[in-house]
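Novice: Here's a structure for you.
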Amino acid sequence: MNHQSLERILERALMGYDLSPPEGLLLLQQTDPNYTSSICHTADRLRQKQAGDTITYVINRNINFTNICEQHCNFCAFRRDSGEDGFYWLDWTQILEKTTDAVNHGATEICMQGGLNPEAKINGQSLPYYIKLVETIKQEFPQLHLHAFSPQEVQFIAREDSLTYAEVITALTDAGVNSMPGTAAEVLDDAVRRVICPEKIDSATWLEIVGTAHQLGLPTTSTMLSGHIETPQQQITHLEKLRLLQQKAVNQGYTARITEFILLPFVGKEAPQTLRKRVGRDQPVLADALLLTAIARIYLGNWIPNHQPSWVKLGLAGATEALSWGSNDIGGTLMEEHITTMAGAIGGTCMEASRLQTAIASLNRPYQQRDTLYQPVSMKAEQEFCV
Ligand code: SF4
């Protein structure tokens, strides 16, 4: 491809046309710095058009209630068997303590996900256990936004209790879940999934559960685990599936949709040996993550306006750089991050809001605290919470 045909694709994107999958693939295959800087520039202009100049962040806390998990994903350094060295399972008091601490430090959101623990049951049933998790938080703090339980967790509950996905989602929503993390998407390609997460739900099931959430009024996020064994074609297929899913929600008139796209570059340092060896590096390649960030903006931005890099995976400096490649949000404070940190990530486990603000201000861009659904939150003097 010459520079002229690349410029034509980018001009059409700036005029508001969606990229086709072959066009997306062409962009992803560029390595010439002249070409990649044109892609970056286009993504940045689209970000400005679709999401404005203000960079947002959310004050939230992760609660990963257990790392006991029946599955064995090949990128996961977090999971443990029950009783194995390093396993844990929070009790109700610990969950409430962590939530109270988060609220005292200004959190508007709890993000709750955990391993798939077959012992996590009440009266032999999985759903009542998950409902109790929700009620433990929401009875005390009804105003908190609870962003909880991935499509994989929904499938796990449905399977354990012989329920439909709609029954599980409805029960969790009725109990107080406000949105669903779009995690467990990894790469929505079953050939990739068979290698990196062979026991996980397949692509069609992920799409079905997220689509059901939208239909039932539960907003979701969307993610992609990039930079391991997937090809550029599989990356574009993933973006295309997300775009079609969002288009369906829009065309059906659902108010609940995908609120954001988060790129999660693979961190291999402590990951199981087979995948780590196959990928051949411990930390993400920043240039690859930035190019994919830009192409995700160009590919999805007409439909999913909010794009977030991961400071946990890229470090704060890398995530800040991604704000010039199409991202408009720098994510959450997290307060406590286990999953990627146990995989050997460099970003740390907690981020003060003031550090996020300073990073944004270093680009001469305004910042704004938001809630989970991207509504502005009035900013108060921050109390430090990272120990
Ligand atoms: S990624 Fe999630 S489902 Fe897979 S092994 Fe780790 S905790 Fe379990």
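The values are calculated or read from the model by the stated rules, or taken from the named source; none is laboratory data. Source: prediction; values computed, not measured. When we count neighbours, we look across all protein chains shown, and the Cβ atoms used for this are built from the backbone with ideal geometry, even at glycine. Heads up: the accessible areas ignore ligands, DNA and RNA and are worked out on the full protein's heavy atoms, side chains in. Shrake-Rupley method; radii C 1.70, N 1.55, O 1.52, S 1.80 Å.
Novice: For the range 134-171, what are the residues that are of a type in the set (S, T, N, Q), part of a helix (DSSP H, G or I) and over 28 Å from Val187 (Cα atoms)?
Specialist: So the first thing to find is which residues in the range 134-171 are of a type in the set (S, T, N, Q), and the list is 136, 139, 143, 150, 152, 155, 162, 164, 170.
With the extra rule that they be part of a helix (DSSP H, G or I), the set shrinks to 136, 152, 155, 170.
Listed by number, the list holds a single entry, Thr136.
Novice: Quick check on the range 67-124: of everything there that is more than 16 Å from the ligand (Cβ to nearest atom) and of a type in the set (S, T, N, Q), which residue is most open to solvent (accessible area, probe 1.4 Å)?
Specialist: Ranking the candidates gives Asn123 first.
Per-residue answers, yes or no, for (1) at pLDDT 95 or above; (2) within 16 Å of the ligand (Cβ to nearest atom); (3) hydrophobic (A, V, I, L, M, F, W, C):
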| site | (1), (2), (3) |
| --- | --- |
| Gln283 | no, no, no |
| Leu290 | yes, no, yes |
| Leu300 | yes, no, yes |
| Ser310 | yes, yes, no |
| Ser324 | yes, no, no |
| Met342 | no, yes, yes |
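Novice: State whether the residues of the range 240-256 include one that is free of Cβ contacts under 8 Å to residues at least 40 places away in the same chain and among the basic types (Lys, Arg).
Specialist: Checked against the condition, which is being free of Cβ contacts under 8 Å to residues at least 40 places away in the same chain and among the basic types (Lys, Arg), the range 240-256 yields at least one hit.
Novice: So Ala148 fits all but one of (1) out of contact with any His (no Cβ under 9 Å at 6 or more places or on another chain); (2) open to solvent by 10 Å² or more (accessible area, probe 1.4 Å); what number is the exception?
Specialist: (2)
Novice: Exactly one of (1) within 22 Å of Leu90 (Cα to Cα); (2) under 17 Å from the mean Cα position of the chain (by Cα) is unmet by Pro142. Its number?
Specialist: Checking Pro142 against (1) within 22 Å of Leu90 (Cα to Cα); (2) under 17 Å from the mean Cα position of the chain (by Cα), the one that fails is (2).
Novice: Something else now. Consider Ala171 carefully, then state whether it is open to solvent by less than 50 Å² (accessible area, probe 1.4 Å), of a type outside the set (D, E, K, R), in contact with a strand residue (DSSP E or B) (Cβ under 8 Å, 6 or more places away or on another chain) and within 22 Å of Thr372 (Cα to Cα).
Specialist: no
Novice: Here's a check for you: in the range 184-218, which residue that is closer than 21 Å to Val250 by Cβ and within 15 Å of the ligand (Cβ to nearest atom) is surrounded by the most Cβ atoms within 10 Å (Cβ to Cβ)?
Specialist: Selected residue: Ala185.
Novice: Here's something else I'd like to know. Looking only at the range 336-374, which residues are outside any helix (DSSP H, G or I) and under 24 Å from Ile258 (Cα atoms)?
Specialist: Going through the range 336-374, the residues outside any helix (DSSP H, G or I) turn out to be 336-338, 343-352, 362-374.
The answer is Glu337, Tyr367, Gln368, Gln369, Arg370, Asp371, Thr372, Leu373, Tyr374.
Novice: Moving on. Looking at (1) more than 13 Å from the ligand (Cβ to nearest atom); (2) of a type in the set (S, T, N, Q); (3) touching a helix residue (DSSP H, G or I) at 6+ places or on another chain (Cβ under 8 Å), which one does Asn64 not meet, given that it meets all the others?
Specialist: (1)
Novice: I need the full set of residues from the range 2-13 which are open to solvent by less than 40 Å² (accessible area, probe 1.4 Å) and either closer than 11 Å to Ser38 by Cβ or at pLDDT 95 or above (or both), in order please.
Specialist: Selection gives Leu6, Ile9, Leu10, Ala13.
Novice: Search the range 57-81 for residues that are closer than 26 Å to Gln308 by Cα and of a type in the set (Val, Ile, Thr) and pair each with any residue that is open to solvent by less than 30 Å² (accessible area, probe 1.4 Å) and more than 13 Å from the ligand (Cβ to nearest atom) when their beta-carbon atoms are under 6 Å apart and the residues are at least 6 apart or on different chains.
Specialist: Listed by first residue and then by second, the contacts come to Val58/Glu109; Val58/Gly332; Val58/Arg370; Ile59/Ala107; Ile59/Thr333; Ile59/Ala353; Ile63/Ile110; Ile63/Met112.
Novice: Quick check on my filter: what residues within the range 43-63 are closer than 18 Å to Leu363 by Cβ and aliphatic (A, V, I, L, M)?
Specialist: Passing the criteria: Ala43, Leu46, Ala51, Ile55.
Novice: Follow-up question, since we're still on this one. Name the residue that is nearest to Pro21 (Cα to Cα), counting only residues in the range 250-278 that are open to solvent by 60 Å² or more (accessible area, probe 1.4 Å) and at pLDDT 95 or above.
Specialist: The qualifying residue nearest to Pro21 (Cα to Cα) is Asn251.
Novice: Based on this model, can you work out whether Gln247 counts as at pLDDT 95 or above, more than 17 Å from the chain's Cα centre (by Cα), farther than 29 Å from Arg365 by Cβ and open to solvent by less than 50 Å² (accessible area, probe 1.4 Å)?
Specialist: When the stated conditions are applied, Gln247 passes them.
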